[in-house]
1. Quote the FRET efficiency, to the nearest 0.05, computed for A:Asn265 versus B:Glu218 with a Förster distance R0 of 45 Å and r equal to the Cβ-Cβ distance.
2. Provide, as a two-decimal number, the C-alpha radius of gyration of chain A over 2.2 N^0.38 Å, N being how many residues it has.
3. Taking 22 Å as R0, compute the FRET efficiency from the Cβ-Cβ separation of A:Gln41 and B:Arg72 and round it to 0.05.
4. For A:Ser42, go 7 angstrom from Cα along the Cα-to-Cβ vector, then report the distances to that same point in the other copies in nm, smallest first.
5. Suppose a student asked you for the relative contact order of chain B, using Cα pairs under 8 Å spaced at least 6 residues apart; what percent would you report?
6. When the Karplus curve 6.51 cos²θ - 1.76 cosθ + 1.60 is applied with θ = phi - 60°, which whole-Hz ³J(HN,Hα) does each residue of region B:161-171 get, with x for Gly and Pro?
7. Which value at 222 nm does the protein assembly as shown reach when only helices count, each DSSP H run of 4 or more adding -39,500 (n - 2.57), with the total divided by all residues and rounded to the nearest 500 deg cm²/dmol?
8. What is the ratio of the Cα radius of gyration of the protein assembly as shown to 2.2 N^0.38 Å, with N the residue count, to two decimals?
Number of protein chains: 2
Amino acid sequence: MREPTSAPDVPNEGLLDRDVLSPKVPSFSPLYQQIKALILQSLKAGEWKPGEIIPSEFELAARFQVSQGTVRKAVDELSQEHLLLRRQGKGTFVATHSEQKFQYRFLKLVPNAENTALSGPAHRTVLWCKKAKANPDIAKSLQLPLGCSILQIRRILSFGCVPTILEDMILPGDAFKGLSAEELQNHQGPTYALFEKTYGVRMVRAQEKITAVHPSPEDAKMLNINDNTPLLQVERVALTYQDKPMEIRRALYKTEHHHYRNDLN
Amino acid sequence: MREPTSAPDVPNEGLLDRDVLSPKVPSFSPLYQQIKALILQSLKAGEWKPGEIIPSEFELAARFQVSQGTVRKAVDELSQEHLLLRRQGKGTFVATHSEQKFQYRFLKLVPNAENTALSGPAHRTVLWCKKAKANPDIAKSLQLPLGCSILQIRRILSFGCVPTILEDMILPGDAFKGLSAEELQNHQGPTYALFEKTYGVRMVRAQEKITAVHPSPEDAKMLNINDNTPLLQVERVALTYQDKPMEIRRALYKTEHHHYRNDLN
DNA sequence: CAGTGGTCTAGACCACACT
DNA sequence: GTGTGGTCTAGACCACTGC
């Protein structure tokens, strides 16, 4: 991409030059942004799988014909977005929900200070996993055609034997073909790790909308509470690469012994 | 701090060398971290006030005897933490809650999609602002001695004439001496901007704990709701430089027409 | 030891804002 | 034009990991 002319410091020869990198990236953006987009493409295409090491900064620099510093800045941003994970002395790895560091990073419900007994991993109880058709709301949220096949999953998460979260998940049927209640119940580690490993769907970020609600009588029974108990309703849309929505989740959080923790920066 | 010996590239002469910068920064940390700490000290000391421009990267580099790139990395991190604000072509400025971009950045309650009428700034109704003594909980949270003087403020925030947030704020009496209900009611812009301008207290980050609750009968009256309405209870601790807590806030959010929005990355 | 990411420098040029 | 932040390069050395 770069052909030094006379001086030893030609950072960029102009706008047109940049387009040769790839027609898919915008024509006017810093070089490192284009490199970032290219790495992103490789990630999305599955050239490097979650948990795997990616080429060293110098290798990537050679491949993209830019300096190592430029690759560095691209990788910096990607690792800040939790798409890559740098490990000094080892290399740079594709981030994964299996990683200790990133496990349950989307779950903001934590036990209140007084209850240390409730920490540790949740116990899952999958109530069902059934096929359905996308209604207008779901089709819009998942950017699917109306009536498209989806999966509906309901489960309960318990901490220290106390049922605490009642969760309804909606997944596009195509991407998760074959997913069963048994698999959801019995797999090891986070559910998002299962999605990565078995279905090649890596959730990259998510948006949540939180309100306070009362449970329906049926939901109250599931959580073993009075139907006059105030609960957090957390509606999540989880996104994969390029902000494509791949999951809708509506959860009810019991906040008797827990709270939703958020850090504002 | 740097004295090139023979080669034109001596990034660092060793650990001891670094201590001459300042005895207050840890002895082993990258140069740019020390620069960051020094800039932070100047910010805390008020050398540059919120909204003011700080010296250019080259000036800071000369002052600290490091290269511009090293200053750059320090400033990069500070502006990522919203302590500084870079503006290409203009300079780097001390971030402020008066800034459009940062106004209400700690307020995550947003109107539901269907209600555009409810956006826009909130209307404040200050119910009281009175002096009190810190009880054990407050003393611990604000890191003050027990019985220390504090200010207790209660107010209602309304969106489009609908009372939506009932808020109790607790401030250390020393730092906010003279703060009155009138001032809280009548000032322009965000309350955190008032704290900056008049009391020199800049809130840098905050932590929130969210639960679902029912209001007390009195609180329900204030929000003009049934006392069986589920509400979000948002407990916030706001921190100034060096993570010193300077405010406790307990708020009740009505989520009939709004929701708490959170982006997970 | 070699290989990787992490830090630091020096210098050049680009993009933007103001005068 | 001047000055600011923003990008890019090339090269050196440091810190960490694992052979």
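None of the figures in this text is laboratory data; all of them are computed from the coordinates on show. Note that this is a predicted model, so its numbers are computed, not measured. Here Cβ is always computed from backbone atoms with ideal geometry, including for glycine, and neighbour counts include all displayed protein chains.
1. Efficiency for this residue pair is about 0.85.
2. Relative to the 2.2 N^0.38 Å estimate, chain A comes out at 1.21.
3. That gives a FRET efficiency of 0.15.
4. Result for A:Ser42, in nm, nearest copy first: 4.0.
5. Once normalised by length, the contact order is 15 percent.
6. Using θ = phi - 60°, the values come out as 6, 9, x, 10, 10, 10, 10, 10, 10, 10, 10 Hz.
7. Details: 16 runs with 138 residues, N = 530.
After summing the helix terms and dividing by the residues of the protein assembly as shown, the value is -7000 deg cm²/dmol.
8. Values: Rg = 26.3 Å, N = 530, 2.2 N^0.38 = 23.9 Å.
For the protein assembly as shown, the normalised Cα radius of gyration comes out at 1.10.
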